[in-house]
Amino acid sequence: MQPAYRYRAELVRVIDGDTIVVDLDLGLGVWQRHEHIRLLDLDTPEMRTVEGRKCRELLVGYLELCGSLVIETVKDRGGKYGRLLGRVHGLIDNEWHEINAWMRERLVSKVPFGAGE
């Protein structure tokens, strides 16, 4: 797997239980706007299912608790859909939490996305 890069991020919206849209702070006042981030090692049901909508609600609720976000990308332009793959870290009560791991603990996931790459 390629080296990780870390970016401060601002949440724009949640697409589904394993994909978010963020604005990435690249530093020196430069921002990458509306970047789709696929949560690494997480594969939630599709939005057309009840389970998929519940997963999205779970992720939205958790992200609402986060004061700040940091995205750790592990493979630029990864995946077959052209999204960045990454781990999302959220600051809650002055402690950083990996949101991918939090979601995995609460879900019965299919085979992790990117597991065979």
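Of the strands (runs of 3 or more DSSP E) lying entirely inside region 68-107, those carrying at least 3 residues that are under 18 Å from residue 33 (Cα atoms) and either out of contact with any helix residue (DSSP H, G or I) (no Cβ under 6 Å at 6 or more places or on another chain) or modelled with pLDDT of 95 or more (or both) are 69-75, 84-92. Looking across region 1-20, the residues that are in contact with a Leu (Cβ under 8 Å, 6 or more places away or on another chain) and within 13 Å of residue 84 (Cβ to Cβ) come down to 7, 9, 18, 19, 20.
Just a yes or no: is a residue in region 12-28 out of contact with any strand residue (DSSP E or B) (no Cβ under 9 Å at 6 or more places or on another chain) and either loosely packed, with under 14 Cβ neighbours inside 10 Å or of a type in the set (A, V, I, L, M) (or both)? Yes, region 12-28 contains a residue that is out of contact with any strand residue (DSSP E or B) (no Cβ under 9 Å at 6 or more places or on another chain) and either loosely packed, with under 14 Cβ neighbours inside 10 Å or of a type in the set (A, V, I, L, M) (or both). Quick check on my filter: what residues within region 40-67 are surrounded by 14 or more Cβ atoms within 10 Å (Cβ to Cβ) and either hydroxyl-bearing (Ser, Thr, Tyr) or not in a helix (DSSP H, G or I) (or both)? Across region 40-67, the qualifying residues are 40, 41, 42, 43, 44, 45, 47, 62, 66. Taking the criterion of being assigned to a strand (DSSP E or B), farther than 11 Å from residue 69 by Cβ and of a type outside the set (Asp, Glu), the residues of region 13-35 that qualify are 13, 14, 15, 19, 21, 26, 27, 30, 31, 32, 33, 34.
The values are calculated or read from the model by the stated rules, or taken from the named source; none is laboratory data. Owing to the predicted nature of the structure, the values given are computational and were not obtained by experimental measurement. Heads up, the Cβs are rebuilt from the backbone with ideal geometry, glycines too, and the neighbour counts pull from every protein chain shown.
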